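The values are calculated or read from the model by the stated rules, or taken from the named source; none is laboratory data. Because the structure is a prediction, the values reported are computed rather than measured. Methodologically, a virtual Cβ is constructed for each residue, glycine included, from the backbone with ideal geometry; neighbour enumeration extends over all protein chains shown. Accessible surface is based on the protein model in full, side chains and every heavy atom, while ligands, DNA and RNA are left aside. Shrake-Rupley method; radii C 1.70, N 1.55, O 1.52, S 1.80 Å.
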Amino acid sequence: MEALAEQGVTVLFKADAERMRDGAGPWTFVASGAPFHDALLVRTDAASVEACLDICLPQLRKRGLVVPE
């Protein structure tokens, strides 16, 4: 996540206790900011941090960001 921040991207991980109690994916990943346009962001809700990363990191790489393995 530090590599993304160095490229001007704001990254947020959130664990939602209410969704966890409801049995839904409690984790949210959001990446936004430069070099994205104001209306563009990468976001997902999933069952784990790893699942969030599996979904979002390829999307960030497609947009030209450097994300270490």
Do the conditions hold for Val49, that is, is it closer than 13 Å to Phe13 by Cβ and not small (Gly, Ala, Ser)?
yes
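Can you tell me which residue among Ala24, Ala31, Ala5, Ala39 is assigned to a loop (DSSP other than H, G, I, E, B), open to solvent by less than 90 Å² (accessible area, probe 1.4 Å) and either aliphatic (A, V, I, L, M) or modelled with pLDDT of 95 or more (or both)? Steps first, answer last, please.
Working: Ala31 fails: assigned to a loop (DSSP other than H, G, I, E, B); Ala5 fails: assigned to a loop (DSSP other than H, G, I, E, B); Ala39 fails: open to solvent by less than 90 Å² (accessible area, probe 1.4 Å).
Unique residue meeting the criteria: Ala24.
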Going by what's in this entry, would Leu65 be described as surrounded by 13 or more Cβ atoms within 10 Å (Cβ to Cβ), in a helix (DSSP H, G or I) and not β-branched (Val, Ile, Thr)?
no
Taking region 42-62 and the residues there that are among the aliphatic types (A, V, I, L, M) and open to solvent by less than 70 Å² (accessible area, probe 1.4 Å), the one that is farthest from Glu2 (Cα to Cα) would be Ala46
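Of all the residues that make up region 1-58, how many are of a type in the set (Gly, Ala, Ser) and touching a helix residue (DSSP H, G or I) at 6+ places or on another chain (Cβ under 8 Å)?
The first filter runs over region 1-58 and keeps only residues of a type in the set (Gly, Ala, Ser), leaving 3, 5, 8, 15, 17, 23-25, 31-34, 39, 46-48, 51.
Restricting the remaining residues to those that are touching a helix residue (DSSP H, G or I) at 6+ places or on another chain (Cβ under 8 Å) gives 25, 31, 46.
Looking only at that region, the number is 3.
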